[in-house]
Amino acid sequence: MTYRLAPIDTSTFTAERAAAGTGTGTDEGDLTVIGSAVQRSDARGHVTGRTEFFEDVSPPRLAHLKMHRSARHHARLLDVDLTEALAVPRVLRILTHADIPNNLFTPLKLIGVGPDDEPILAVDKVRYLGEPICAVVAETEAAALEGAARIKVTYEDLPPVFDVEEALEEGAPLVNEYHGQNHFRYEGHHCRRIRFGDVEEAFARADHVFEWRYQSAPIEQAPVETTGCVVVPQADGRLRIHSDTQACFFTLDNTALILETPFNKLRIVGGTVGGGFGGKVDVVVEPVACVSAMLVDRPVKFVYDRAEEMQVSSPRAAERIYIKDAVMNDGRIIGRKVTLYVDSGAYSRHSPYGTTKAAAHLPGPYSIPNVWADCHCVFTNRTPSSAMRGFGVTIADFALESQMDRIARALDLDPLRLRLLNAYRDGDLKAHRKVAEGTALVEVIQKVAEMAGHELPEAYRRMSSTTREGL
């Protein structure tokens, strides 16, 4: 089907309408903007400096919160001495785990995924370098930093594990006691699984079997604005939270669960984020800042410095993927076996969800009759990983498409023809037993080939996403 859009008259797009953020100046209710210049609703505020970020909020008597963080990857806490820290002038309060009403982060509870497995402040052990142990609240940022530096922690070192496959070996150090094993369990299974057809039979009759390994590293989002918030107690007992969260209501709900307070006791002021890319959906600063504000009865600011942002904010997970394919001489893939290991770090955060997303994406946009996949969400003594720009799918796509290119080279085939041959069509049954619809992959490849001057034989130019005729 061909879509033709009428040209849009943008002559009435005046400065006044732009300032009002009303789009292209077309008639009210006309949402056709393709092909037109549409100004971002927040652009004028950004370039004039009128946009307010959470750090622009500076209420009277603002206190500052800084963390004392673990100096070990994996250790028991034998003693935490606050004596010298409490003696620092202008230090108001030092919080430990005992001060937090519900001392567990609850990132996935609201969608029915558990268990909660990460303390807000460490209790009896630490599981990654930089894990928060104590929160120091002071009248100045300098006093808070000095107080945090003067806390003395006595550790009993425990063996850490940093490799996802080593973490799953028998006898590996146990990272996260909340789970009891170094992997997340999905409906009673050790991993998120796909079983579709018979891959072993496919390997037995294939002309070629190719297997390669792919590995990614953790990737930090590196936003210009670091993670933080300002919490202001209100006269009516509510808390007003100015935050750079990417998800205001998610932050409100999870913070209320941790504070064990009704949701309507909190008000989130957000909407302006100085770069997030997924890294600001974890509710990690607001709960402890809220508790601190209530305990000292004054506004509290908690913001990461750049070193903290790089060390302890949730990166994209490192992933290791093994892909084994059963391939015929003409390039048809008749079986695909995938083993995926997602490095969740010491705690779950959003990685179990990301692992499920990865499984749902397999075996890629291809119609393969036999598919087997084990997708492991693994706990290691690394910084907890979480959301970042299509997490769970991005690295899987890198591996899957690299695999297609390597198969094409091994068989001396055109990589675009290989993809057209195997591309899923409307009506195909995917490996997770959903019927494909609105695929359009064939047409996209054909258009890309045309634009790039890449010659395709007539038979490949006639292919369609709506039929398998001619294959």
Report task. Please go through the range 319-356 and pick out each residue that is open to solvent by 10 Å² or more (accessible area, probe 1.4 Å), of a type in the set (Lys, Arg) and more than 11 Å from the chain's Cα centre (by Cα). Result -> ARG320, LYS324, ARG332, LYS337
Query - Selection from the range 394-409 of residues that are surrounded by fewer than 17 Cβ atoms within 10 Å (Cβ to Cβ), free of Cβ contacts under 8 Å to residues at least 60 places away in the same chain and within 20 Å of THR339 (Cα to Cα) - result: ASP397, GLU401, ASP405
Query - THR226 more than 19 Å from the chain's Cα centre (by Cα), part of a loop (DSSP other than H, G, I, E, B), of a type in the set (S, T, N, Q) and modelled with pLDDT of 95 or more - result: no
Query - Residue check for ARG90: open to solvent by 30 Å² or more (accessible area, probe 1.4 Å) and either in contact with a Cys (Cβ under 8 Å, 6 or more places away or on another chain) or modelled with pLDDT of 95 or more (or both) - result: yes
Report summary line: Residue hits (the range 162-179; within 24 Å of the chain's Cα centre (by Cα) and open to solvent by less than 50 Å² (accessible area, probe 1.4 Å)) are ASP163, VAL164, ALA167, VAL175, ASN176, HIS179
Query raised in the report: Can you spot a residue in the range 273-293 that is farther than 26 Å from ARG69 by Cβ and either assigned to a strand (DSSP E or B) or modelled with pLDDT of 95 or more (or both)?
Result: no
Query raised in the report: If ALA307 passes every condition in (1) assigned to a strand (DSSP E or B); (2) without any contact (Cβ under 8 Å) to a residue 12 or more places away in the chain but one, which one does it miss?
Result: (1)
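Quick grid of which residues meet (1) without any contact (Cβ under 8 Å) to a residue 40 or more places away in the chain; (2) closer than 30 Å to HIS208 by Cα; (3) open to solvent by less than 30 Å² (accessible area, probe 1.4 Å):
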position	(1), (2), (3)
PHE263	yes, no, no
VAL284	no, no, yes
MET294	no, no, no
GLN311	no, no, no
ALA317	no, no, yes
Query raised in the report: Any residue in the range 255-265 that is over 22 Å from the mean Cα position of the chain (by Cα), farther than 21 Å from ASN103 by Cβ, assigned to a helix (DSSP H, G or I) and not basic (Lys, Arg)?
Result: yes
Report summary line: Filtering the range 27-79 for residues that are under 30 Å from VAL296 (Cβ atoms) and hydroxyl-bearing (Ser, Thr, Tyr) leaves a count of 3
Query - Filter result (touching a residue at least 24 places away in the same chain (Cβ under 8 Å), open to solvent by 10 Å² or more (accessible area, probe 1.4 Å) and under 20 Å from the mean Cα position of the chain (by Cα)) within the range 266-277 - result: GLY270, THR272, VAL273, GLY274, GLY275, PHE277
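The values are calculated or read from the model by the stated rules, or taken from the named source; none is laboratory data. Predicted model, so just to flag it, every value in this text is computed and none were measured. Here Cβ is always computed from backbone atoms with ideal geometry, including for glycine, and neighbour counts include all displayed protein chains. These area figures cover heavy atoms from the full protein model, side chains too; ligands, DNA and RNA do not enter into them. Shrake-Rupley method; radii C 1.70, N 1.55, O 1.52, S 1.80 Å.
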